[in-house]
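Each remark here refers to the structure printed beneath this line.
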């Protein structure tokens, strides 16, 4: 029974490690995880609709209309942040959101095709951080590697 529990933990750990690594390798040019037309965003500002540290799964959508609530990228101090706002107007190459002109390429999508996972944003942020990845993925694998080397040396000494 103990061996089965250990195998379940190992399988869970491998799935977690593959997921986190895939998220890190799937960063887009704005440093957000993007799988095809799905973008994972952690809320870092309280809004009317979303709480701080919620994880929002946004499906990209190019069909934006007036009075839609949209997610868009905004550059703040050299880094990109995802903002949420109301569309006030539309032009050929820009969309006016909260009385600011935003390039159409910076629009992620509207809020009609989103999923909100309460509290999971802070967990994903920790896993994707340098220290989180080091503690959760690299360190346990390194310890397992050292243990395997120790076990091989122990077996080789027994054979002599």
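The values are calculated or read from the model by the stated rules, or taken from the named source; none is laboratory data. As the structure is a prediction and not an experimental result, all values here were calculated from the model. All Cβ positions, even for glycine, are placed from backbone atoms using ideal geometry, and neighbour counts span all protein chains on display.
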Among residues of segment 57-88, those that are within 18 Å of residue 101 (Cβ to Cβ) and in contact with a helix residue (DSSP H, G or I) (Cβ under 6 Å, 6 or more places away or on another chain), counted: 3
Given (1) surrounded by 12 or more Cβ atoms within 10 Å (Cβ to Cβ); (2) over 15 Å from residue 123 (Cα atoms), index of the condition residue 29 fails: (1)
Selection count, segment 106-120, where residues are part of a helix (DSSP H, G or I) and either modelled with pLDDT of 90 or more or more than 24 Å from the chain's Cα centre (by Cα) (or both): 2
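Name the one entry in 123, 95, 136 that is touching a helix residue (DSSP H, G or I) at 6+ places or on another chain (Cβ under 7 Å), within 22 Å of residue 41 (Cα to Cα) and part of a helix (DSSP H, G or I).
136
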Whichever residue in segment 121-136 is surrounded by 16 or more Cβ atoms within 10 Å (Cβ to Cβ) and more than 12 Å from the chain's Cα centre (by Cα) and, among such residues, is nearest to residue 95 (Cα to Cα): 133
Hits in segment 16-31 - residues which are in a loop (DSSP other than H, G, I, E, B) and touching a residue at least 24 places away in the same chain (Cβ under 8 Å): 30, 31
Of the criteria (1) surrounded by 13 or more Cβ atoms within 10 Å (Cβ to Cβ); (2) free of Cβ contacts under 8 Å to residues at least 40 places away in the same chain; (3) farther than 12 Å from residue 108 by Cα, which one residue 34 fails: (3)
The one condition in (1) surrounded by 13 or more Cβ atoms within 10 Å (Cβ to Cβ); (2) in a strand (DSSP E or B); (3) without any contact (Cβ under 8 Å) to a residue 12 or more places away in the chain that residue 52 fails to fulfil: (2)
